[in-house]
Amino acid sequence: MSLSAKDKKNVVDFFGQVGGKAAEIGNDALSRMIVVYPQTKTYFSHWKDLSPGSADVKRHGLTVMTGVLDAVDKIDDLVGGLLSLSELHAFTLRVDPGNFKILSHCLLVVLAGMFPAEFSPEVHVAVDKFLAKVALALSEKYR
Amino acid sequence: MVEWTDAERTAINFVFTKLDYDSVGPESLSRCLIVYPWTQRYFGGFGNLYNAEAILSNPMIAAHGITVLHGLDRALNNMDDIKNTYTQLSELHSEKLHVDPDNFRLLADCLVVVIAGRLGTDFTPEMQAAFAKFLSVVVSALGRQYH
C-alpha cells in the first residue's frame, strides 16, 4: 500500500493546518493509549506518573508528535529519512511493532476529536496510510 | 463472563444516548469503506462506491450503516451476556455473508473515530477505554461461530 500524490498532499496540508497543536495532540494521544491499552504501560515503568496529562506524558507526547511532523517533511523518503529513529526503536527502545498500530489509532481518534471539520474521510485514509508507512519505516531496522 | 464496572456501564450508556444513529451509522460504514477499501468486497450490490463522495452519498450504504449501528443495541441491552446475544448474527456473518471477522475490528475502529469527532473533548480517555472494551466484546462475540 503506497501513498498516492493525493494522499501526500492531504497529509502535508492537514498537518500544516494542525501542526501548531502538536503538544496538545501528542499529550492526548499518548494519554489515551496508556488508558485504553494498558499493556502499553510496560514501556513506561520508569516514569513517576502515568496519568493522562502528567508531566512525563506531556513531554513524551510532544517528542512523539515532533517525530510525526518530521516524518511529514520526509514523506517522500520515510525509510531513508527515519533511519536513525528506526535504529533507536530497534536497538534501544525495542518497542513491539504491534504498538505502532495502537498509537496510530489513538492519534486518529484525537485528530478526529480536535479537528472534526478538517478530518474528512479522505484525510482520514491518507493519514492512516501515512502512519502505517511511518510505522513500517520505524520497524525497518528491527531484523 | 465479562466484568463491567459501574463507571464503564455509565460511560457506555452515555455514549449511546449521545449517538445520532442516522448520522453516525452512515458515516462509520462510509469511513470503513473509504479507509479500508477492501471492505467494499461485501457491498457489490450496493451501487456506486467509486470514490469517497459516491460512498458518502450512497443511500443504500447509509441505510445499512444505520442497521449495523442498531445491531449494537442488542449488546447494550444484554451487557452481561453479549457472547450469546450474537450467536445468530455470528452465524449469519460467517455462513451467509462470509465476512472476514477482521473486518469487525476495522468497522469498530471507524466507529470510535466518528464518535470522537462528534463528542470532542467529552469523549474522555476513560470513555474511550470503556467503549473500546464494549466493542471488542461485540467483535469477539460476532467471531465466535466461525469455524
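Read-outs: derived from the displayed coordinates by stated rules, not from any lab. Keep in mind it's a predicted model, so treat the numbers as computed, not measured. Heads up, the Cβs are rebuilt from the backbone with ideal geometry, glycines too, and the neighbour counts pull from every protein chain shown.
For (1) under 14 Å from the mean Cα position of the chain (by Cα); (2) closer than 17 Å to A:Lys141 by Cα; (3) surrounded by fewer than 17 Cβ atoms within 10 Å (Cβ to Cβ), each residue gets a yes or a no:
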{"site": "A:Phe44", "(1), (2), (3)": "no, no, yes"}
{"site": "A:Asp49", "(1), (2), (3)": "no, no, yes"}
{"site": "A:Gly53", "(1), (2), (3)": "no, no, yes"}
{"site": "A:Gly61", "(1), (2), (3)": "yes, no, no"}
{"site": "A:Thr66", "(1), (2), (3)": "yes, no, yes"}
{"site": "A:Val79", "(1), (2), (3)": "no, yes, yes"}
{"site": "A:Ser84", "(1), (2), (3)": "no, yes, yes"}
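Evaluating B:Ala75 against the criteria (1) more than 14 Å from every other protein chain (Cβ to nearest Cβ); (2) surrounded by fewer than 19 Cβ atoms within 10 Å (Cβ to Cβ); (3) closer than 23 Å to B:Phe123 by Cα leaves one unmet condition, (2).
State yes or no: is B:Leu107 buried (at least 18 other Cβ atoms within 10 Å of the Cβ) and not in a helix (DSSP H, G or I)?
no
Among the residues of segment A:3-22, just one is surrounded by 13 or more Cβ atoms within 10 Å (Cβ to Cβ) and in a loop (DSSP other than H, G, I, E, B), namely A:Leu3. Could you tell me whether any residue of segment B:84-92 is buried (at least 16 other Cβ atoms within 10 Å of the Cβ), over 20 Å from B:Tyr146 (Cα atoms) and away from every other protein chain (no Cβ under 14 Å)? Within segment B:84-92, not a single residue is buried (at least 16 other Cβ atoms within 10 Å of the Cβ), over 20 Å from B:Tyr146 (Cα atoms) and away from every other protein chain (no Cβ under 14 Å).
Would segment A:87-101 turn up any residue that is within 14 Å of chain B (Cβ to nearest Cβ) and touching a residue at least 24 places away in the same chain (Cβ under 8 Å)?
Taking segment A:87-101 as the starting set, the residues that turn out to be within 14 Å of chain B (Cβ to nearest Cβ) are A:98, A:101.
Narrowing the set further to residues that are touching a residue at least 24 places away in the same chain (Cβ under 8 Å) leaves A:101.
For segment A:87-101, residues within 14 Å of chain B (Cβ to nearest Cβ) and touching a residue at least 24 places away in the same chain (Cβ under 8 Å): present.
Any residue in segment B:100-119 that is farther than 23 Å from A:Val36 by Cβ and out of contact with any strand residue (DSSP E or B) (no Cβ under 6 Å at 6 or more places or on another chain)? Break it down into steps so the answer makes sense when it comes.
We begin by selecting, within segment B:100-119, every residue farther than 23 Å from A:Val36 by Cβ; these are B:100.
Keeping just the survivors that are out of contact with any strand residue (DSSP E or B) (no Cβ under 6 Å at 6 or more places or on another chain) gives B:100.
There is at least one residue in segment B:100-119 that is farther than 23 Å from A:Val36 by Cβ and out of contact with any strand residue (DSSP E or B) (no Cβ under 6 Å at 6 or more places or on another chain).
Scan segment A:114-134 for residues that are at the interface with chain B (Cβ under 9 Å from one of its Cβ atoms), of a type in the set (D, E, K, R) and either in contact with a Leu (Cβ under 7 Å, 6 or more places away or on another chain) or without any contact (Cβ under 8 Å) to a residue 24 or more places away in the chain (or both) and the total you get is 2.
The single condition among (1) surrounded by fewer than 17 Cβ atoms within 10 Å (Cβ to Cβ); (2) free of Cβ contacts under 8 Å to residues at least 24 places away in the same chain that B:Val2 does not meet is (2).
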